[in-house]
Amino acid sequence: MHLDILKRLIGKEIDIIIDRPIGTTHPKFKDTLYPVNYGYIDSVLGGDNEFQDAYILGETRPLETYRGKVIAIIHRFDDNEDKLVVYNYGQLSIEEIEEAVNFQEKFFKHEIITMKV
């Protein structure tokens, strides 16, 4: 059910509040450094009953907020949280997305869902 809601966001613009800017560390795992901006949208609850998380790709400086286009979903098979992928410069390949989010997603069995072209 939740995944169906997220699929409807692919191709849409969303507003994101950044709570882990580029260069910050994970609040629980201090050896995990964020190479991308990471935040949440406060209009959708995620599978963990907290606001839906999102990776912001293509930006190189720390941000506080961001408006961007959802280009993919990272669907985790072994966790109750899926992640949105937001990018404003066209489309990225699954391999490019995988490389950008590997710092965190390498710990989860997942698939990347993109818009069918």
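Out of all the residues in the stretch 27-38, is one or more of a type in the set (A, V, I, L, M, F, W, C), surrounded by 13 or more Cβ atoms within 10 Å (Cβ to Cβ), under 19 Å from Y89 (Cα atoms) and at pLDDT 95 or above?
Within the stretch 27-38, one or more residues are of a type in the set (A, V, I, L, M, F, W, C), surrounded by 13 or more Cβ atoms within 10 Å (Cβ to Cβ), under 19 Å from Y89 (Cα atoms) and at pLDDT 95 or above.
Among the residues of the stretch 97-117, which ones are assigned to a helix (DSSP H, G or I) and either within 23 Å of S43 (Cβ to Cβ) or in contact (Cβ under 8 Å) with a residue 12 or more places away in the chain (or both)? Walk me through how you get there before you give the answer.
Our first condition is that a residue be assigned to a helix (DSSP H, G or I); within the stretch 97-117, this holds for 97-105.
Answer for the stretch 97-117, where residues must be assigned to a helix (DSSP H, G or I) and either within 23 Å of S43 (Cβ to Cβ) or in contact (Cβ under 8 Å) with a residue 12 or more places away in the chain (or both): I97, E98, A100, V101, F103, Q104, E105.
When only residues in the stretch 39-66 that are touching a residue at least 40 places away in the same chain (Cβ under 8 Å) and small (G, A, S) count, which is most open to solvent (accessible area, probe 1.4 Å)?
The qualifying residue most open to solvent (accessible area, probe 1.4 Å) is G47.
Among the residues of the stretch 56-77, are any among the small types (G, A, S), touching a Phe, Trp or Tyr at 6+ places or on another chain (Cβ under 9 Å), modelled with pLDDT of 95 or more and not in a strand (DSSP E or B)? Break it down stepwise before answering.
So the first thing to find is which residues in the stretch 56-77 are among the small types (G, A, S), and the list is 58, 68, 72.
From what is left, the residues that are touching a Phe, Trp or Tyr at 6+ places or on another chain (Cβ under 9 Å) are 58, 68, 72.
Then keep just the ones that are modelled with pLDDT of 95 or more; that gives 58, 68, 72.
Adding the requirement that they be not in a strand (DSSP E or B) leaves 58.
Yes, the stretch 56-77 has at least one match.
Could you pull out the residue among K83, K69 that is under 20 Å from L6 (Cα atoms), open to solvent by 60 Å² or more (accessible area, probe 1.4 Å) and under 12 Å from the mean Cα position of the chain (by Cα)? It would help to see each step written out before you state the result.
Values: K83 fails: open to solvent by 60 Å² or more (accessible area, probe 1.4 Å).
Of the residues listed, the single one that is under 20 Å from L6 (Cα atoms), open to solvent by 60 Å² or more (accessible area, probe 1.4 Å) and under 12 Å from the mean Cα position of the chain (by Cα) is K69.
The values are calculated or read from the model by the stated rules, or taken from the named source; none is laboratory data. A quick note: this is a predicted structure, and the numbers were derived from the prediction, not measured. Methodologically, a virtual Cβ is constructed for each residue, glycine included, from the backbone with ideal geometry; neighbour enumeration extends over all protein chains shown. All accessible areas refer to the heavy atoms of the entire protein, side chains included, with ligands and DNA or RNA removed. Shrake-Rupley method; radii C 1.70, N 1.55, O 1.52, S 1.80 Å.
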